[in-house]
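Just so it is clear, none of the values below were taken in a lab; they were calculated from the coordinates. This structure is a prediction, so every number in the text was calculated from the model and none was measured. In this analysis, Cβ positions are derived from the backbone assuming ideal geometry, glycine residues included, and neighbour counts consider all displayed protein chains.
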Amino acid sequence: MISKIHELLKTKKISCVELVQKYLSAIDAMNDELIAYVNVSADLALESAKAIDEKIASGEDFDVLCGIPMTLKDNISTKGIETTCCSNILRGYTPIYDASVWKKLKNKGSILLGKANMDEFAMGSSCETSCFGGAKNPHNHKYVAGGSSGGVASAVGAGIAAYGLGSDTGGSIRQPASFCGLVGLKPTYGAVSRFGLIAYASSLDQIGPITTSAKDAAIVYDEIAFKDDMDSTCKGKLCDTVSHIDDDIKGLKIGIASEYFKSIDSEVEDSINKALDVYKSMGANVVDISLPSIDYALPVYYIIACAEASSNLGRYDGIRYGFRASEYKSIHEMISKTRSQGFGDEVKRRILLGTYVLSSGYYDAYYKKAQMLRGNIVNGFSSAFENCDVILAPTVPMTAFENGTTSRDPVEIYQTDICTVSINIAGLPAVSLPCGFDSKKLPIGMQLIGPKFSEANLLCLANKFEQATDRCFFKNIEGGINL
Amino acid sequence: MEYEIVMGLETHVELSTNTKIFCGCTTEFGGEPNTHCCPICIGLPGTMPKLNYQVVRYAIMAGLSLNCEIAEIAKMDRKNYVYPDLPKAYQISQYDKPLCEHGHIELSSGRKIGITRIHIEEDAGKLIHERGQTFIDYNRGGVPLIEIVSEPDFRSVDEVTEYLEYLQLTMRYIGVSDCKMQEGSMRCDVNVSVRPVGSDKFGTRTELKNMNSFTNIAKAVKYEAARQIDVIESGEKVVQETRRFNDAAGTTESMRGKEDAHDYRYFREPDLVTISVSNDEIEQIRKLIPELPNKKISKYIKEYGLSEVDAKLLVKYKRVADFFEKSIDGLKVYKNCSNLIISLIFSKFETEEQKEQFNINVEPEDMNELLKLLEAGTIRNNVAKKTLGEMLATGKKVKDILSEDDLKGLSQEELTSICSKAVESNPKAVADYLGGKDKAVKSMLGFVMKNTQGKADAKLAEKIIIDIIKNNN
Amino acid sequence: MVTREELLDLALLSKLDISDSDIDKLLGDMEEIIKFADTINAASTGDAEFDNINDLQNVYREDIVKDSFLQDDILRNCKTVENGFFRVDNHNHVE
């Protein structure tokens, strides 16, 4: 999509303003239903488009991302544009600085159409904990777009954004990409700067692209993965991925770990088996591997993520920004009331769990033990990658949930993250890509997991599958922009 | 029963770096509220800290100068608590892997005070409570601190004072902090407990928070110890708690409210990376540490022959000690210099601050020139004083003040000749002297001094005068 | 297991108010969640150790002053600002 738009702009088949107008009217027509965007910045987008048209007219060379209309998850700070994490507690908050990734993309000329819906503070798997209501699945509005980056997946899937950036703490890029039939890349921890990403769980969070092709994901990744002075934990990328997108995959070893196939819907399993056949036909080898350490990945993930979240979310006290409770008898009461009225139930539950596992008397049994198990998981992957180059697994055990079904039992919903969280725990890269449709015509996704900084290899494999299957698992949505 | 006070100190020292610990904002004291701030130090969502290396370097310097072991591996942790002056609701500090551990200092009594640890952390903002409203200024938020934690080794307020003065002096010497208690760049929490004399078990302690002057520390500890003894004597138990000193009432009061139910839930700061300190690095940093005040004092006494009082007076202010040492370059007698500094230069200053600043018109090279003349006997002490006085007042150099004649000094012949004149022109004094009035020599001596513009050595002149009189009679 | 008192303590530490009407539902949820977290009890950790997800060391900043932000920007998102300070009224009532 990105290359196609670039070509159209370059050959002047369409002006950037026209392009943006097309997108904006599609958003107008579809967003009320989808709730993909929670904030559309039409004027700013048109203004930037005008500037880019001038640049193009001047005959200047322009970058492949220049003039591409896109979206950002609403937890990525945008100077002068409201950024809420889809929480009532941050309503009205306008950052005074840009996230490093957005600064870079803005510099490259990407055009922000608006901020995308998400689960409140990225805590959820359906986008339904958003204070604006959940984003809908473009393939069927009765189903969720997934979470937490549901808005980005909904927008890109519906064709009302050419690409988008989400964040992935336990699957929040890959799961909605899977639900919406898209490519979602969760980069290696430390490949992409987190500066400006409103933290959920700092040792797990990574920003990554959601796109309509592996090539697009590579283009975006190459731009956003750079060493950033503002993020001490950020190393940048090892190498360009676009230049490796057509590398040969003959002889590559794809590992299959039975641990990822426990309680998987049969339709999902079938699609993945077929995908394996495709890879075999391209000359890849399939090997069985074992990853017993990931058996405890889910509770380990929730303990660590919630512990960090309880600390990261302490700052929402109503003093410097965002919502403040209106009636109180002391500052302490103001803070408690602000937080109680401003946070939704899921956020409160995770803060409480996080406080619990860090509190004296429980620290060793939960947080410390979870950290040790995290070490086990890291080691488990290291040994697994001695026997294979990538691991293929389902992204989610099922296809998209029906709207309104995720508010029941919190733990039941946590279980659906079973395939994604271990990758964040180990800090590894993984790409989710579509590999089928279920009987309800909802997309099925699979993920390729690699060793640290193996994004080039993962995107190449994803691209190969996409080409070999003639992009048959990508579907254009009516009403969206399809150039 | 007789009781003994046991105390341990947690001393916060603000480091004099140019920038804050995690962002590039200035650490300058004061300024309009919220003007030394950026998204990082006001904790806006999404911001991340980046550690200022100077903070690590300064903390290691402090550790080395307090005989600490420097950690090979250290890390930063989050200390979680909600308070309006703490914009992230956690303070980035160090919990179980501080930069420095196991140090000590020696008091003048010879007793050692153990330094448990020194860690680096960020300061909080400032709250002003007025008319039922709270005003918040985050300028101070993120200013780097080291916390120096001592063992519970103190047994008297005097020891505490000596320790704090020592810390203050040492930190100033190595240049890591100005340690101004009144500006809050040195603050102290005192853990106090009491126990029967002879007991080796510690009593339950209370923590006196944020003490900001030596006088208040003394008052607070005295009050708190007496209070604890009262509690114990009346058969009750001391409650372990945090207390604040009420300056006006001279008492301590409990700070614990329901809201302060603290459980800091420390965990590793995921936004920062491991601090690893190599031996090479430590040695490089060690080179930055100047001679420490306690070493200097004993050198001044033993090698320079100064009195303990004078040595301490000079060393108390680093700039003075520096000036002193440069001024005595190449000299054999050091006392002249210390005398001039203490009696003459110090009298120009009214406050401790001014002595600290030691802002004077005289370069040590000029002082050295003057002292050389004095040591060679070219000029006399009174001339030296007068000259230095004028140098301080006008900024003139030695040679601009003293004439060629002054600098020539006075030969034996010249002196003898003037002494002869003194005898000749004072027959009455000669008669008085011969009549047994020894003091009569003084008036002849006055003549000599007057006619040599004070250049004469009074003792020598007196001897010559007496010789002349004796020879004449 | 988490008791009502423990939950209220956690809420106090987390600066959350729990109304009487919510507490039973929340207590049930938290019991479920903690039960779920408790499943790691069964895991053996062996000699596993974990330091940090990134293997970086000594990432530092030079001690060079950068311009601070404008006071207006720093205060921009606060609705109660006075003389350059963030202001919070110690109590507030809506009539």
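Okay, here's what the table says:
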quantity: Shielding by other protein chains, A:366-373, mean Cβ within 10 Å; calculated: 6
quantity: Largest-first ellipsoid semi-axes for chain B, taking √(5λ) over the Cα gyration tensor eigenvalues, angstrom; calculated: 59, 27, 20
quantity: Stokes-Einstein D for the protein assembly as shown, Kirkwood Rh over Cα pairs, 4 °C, 1.567 mPa s (µm²/s); calculated: 39
quantity: Whole-Hz ³J(HN,Hα) from phi, Karplus 6.51 cos²θ - 1.76 cosθ + 1.60, for the stretch A:61-73, glycine and proline x; calculated: 5, 9, 5, 4, 8, 6, x, 7, x, 8, 9, 10, 4
quantity: Tail fraction, Cα-Cα pairs, the stretch A:287-350, threshold 20 Å, whole percent; calculated: 46
quantity: Descending semi-axes in Å of the stretch B:291-408, equivalent ellipsoid built from Cα gyration tensor; calculated: 24, 17, 11
quantity: Using θ = phi - 60° and Karplus 6.51 cos²θ - 1.76 cosθ + 1.60, couplings along the stretch A:121-128 (whole Hz; Gly, Pro as x); calculated: 6, 6, 9, x, 10, 9, 6, 7
quantity: Highest-first arrangement of A:123-136, A:17-30, where packing means the average Cβ count within 10 Å; calculated: A:123-136, A:17-30
quantity: Choice from C:19, C:68, C:44 with maximal GNM fluctuation in chain C (Cα, 10 Å cutoff); calculated: C:68
quantity: Semi-axis lengths (Å, descending) of the ellipsoid that matches the C-alpha gyration tensor of the stretch B:412-472; calculated: 17, 11, 10
quantity: Rg/Rg_globular for the stretch B:3-285, with Rg_globular taken as 2.2 N^0.38 Å and Rg from C-alpha atoms; calculated: 1.02
quantity: Protection proxy ranking of A:436-445, A:414-423, B:331-340 - average other beta-carbon atoms within 10 Å, highest first; calculated: A:414-423, A:436-445, B:331-340
quantity: Reciprocal of mean inverse Cα separation for the stretch C:5-60 (Kirkwood radius, Å); calculated: 14.9
quantity: Calculated FRET value between residue B:158 and residue A:42, using beta carbons and R₀ = 56 Å, to 0.05; calculated: 0.15
quantity: Cβ neighbours within 10 Å from other chains - mean over B:24-31; calculated: 3
quantity: Net charge over other residues, Cβ less than 12 angstrom from the Cβ of residue C:83 (K, R count +1; D, E count -1); calculated: -3
